[in-house]
Amino acid sequence: MADNKEDRDDLPEEPQRLFTLKEAERTRRELEPFLIEAIGARKKLGALEEELAAVSTRILMMGGILVPYAKLAQKRMEHQALAEIMKTNLEKILSTGCLIKDLDVGLLDFPSVIGNEEVYLCWKLGEDRIRYYHRQDEGYAGRKPIDPRDLGPSDQVQ
């Protein structure tokens, strides 16, 4: 029997996973290499797409120029491989229940509860650990320290 879209719409949505700070931190450490690889693949994809667009524009503008088919085929294969690497890494990250908020800077949010309020534990690539959170209706600019006594990267309050 074929899977009907209407049948899927009637199914209840799976509840969002909620992380404790300890679970979020463990997951963050596991995900960091995948995030770095996805960011790298995205940057290379951007450069490759610009290169392919420039060749297409040149062909369009020049008309009957000799097209470097072998080079273009190689670039397209490279593009497909990078897109697959990025997709695989993003799927690994999202499968944990973590949210990717900004791939360019490596910003991840982990759904959690603080004081009976659903919040996001917030971490950005380059930070040594998760030490901020924000309400779900706020973004990065609304980040607050999880522990107000946390003085920074060398402090081990957690």
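The values are calculated or read from the model by the stated rules, or taken from the named source; none is laboratory data. Just so it is clear, the structure is predicted and the values come from calculations on it, not from any experiment. Every residue, glycine as well, gets a Cβ built from its backbone with ideal geometry; the counts of neighbours run over all protein chains shown.
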Which of the residues that make up the stretch 96-112 are over 8 Å from the mean Cα position of the chain (by Cα) and part of a strand (DSSP E or B)?
-> Asp109, Phe110, Pro111, Ser112
Cβ pairs under 6 Å, 6+ apart, first in the stretch 120-139 and touching a residue at least 40 places away in the same chain (Cβ under 8 Å) and within 18 Å of Leu103 (Cα to Cα), second surrounded by 17 or more Cβ atoms within 10 Å (Cβ to Cβ) and of a type in the set (Gly, Ala, Ser) | Leu121/Ala24; Leu121/Ser112; Leu125/Gly106; Ile130/Ala24
If we keep only residues of the stretch 1-18 that are surrounded by fewer than 13 Cβ atoms within 10 Å (Cβ to Cβ) and closer than 27 Å to Lys124 by Cα, then the residue modelled with the lowest pLDDT is Glu14
Every pair of residues 6+ apart whose Cβ atoms lie under 7 Å, when the first sits in the stretch 19-42 and is at pLDDT 95 or above while the second is part of a helix (DSSP H, G or I) and charged (D, E, K, R) = Phe34/Lys92
Test Val55 against the stated conditions and say whether it is assigned to a loop (DSSP other than H, G, I, E, B), without any contact (Cβ under 8 Å) to a residue 40 or more places away in the chain and either more than 24 Å from Tyr140 (Cα to Cα) or in contact with a Pro (Cβ under 7 Å, 6 or more places away or on another chain) (or both).
-> no
Go over the candidates Pro111, Pro145 one by one and state the one that is modelled with pLDDT under 95 and either in contact with a strand residue (DSSP E or B) (Cβ under 8 Å, 6 or more places away or on another chain) or of a type in the set (A, V, I, L, M, F, W, C) (or both).
-> Pro145
Evaluate the stretch 77-95: report whether one residue or more is under 30 Å from Gln136 (Cβ atoms), outside any helix (DSSP H, G or I) and among the acidic types (Asp, Glu).
-> no
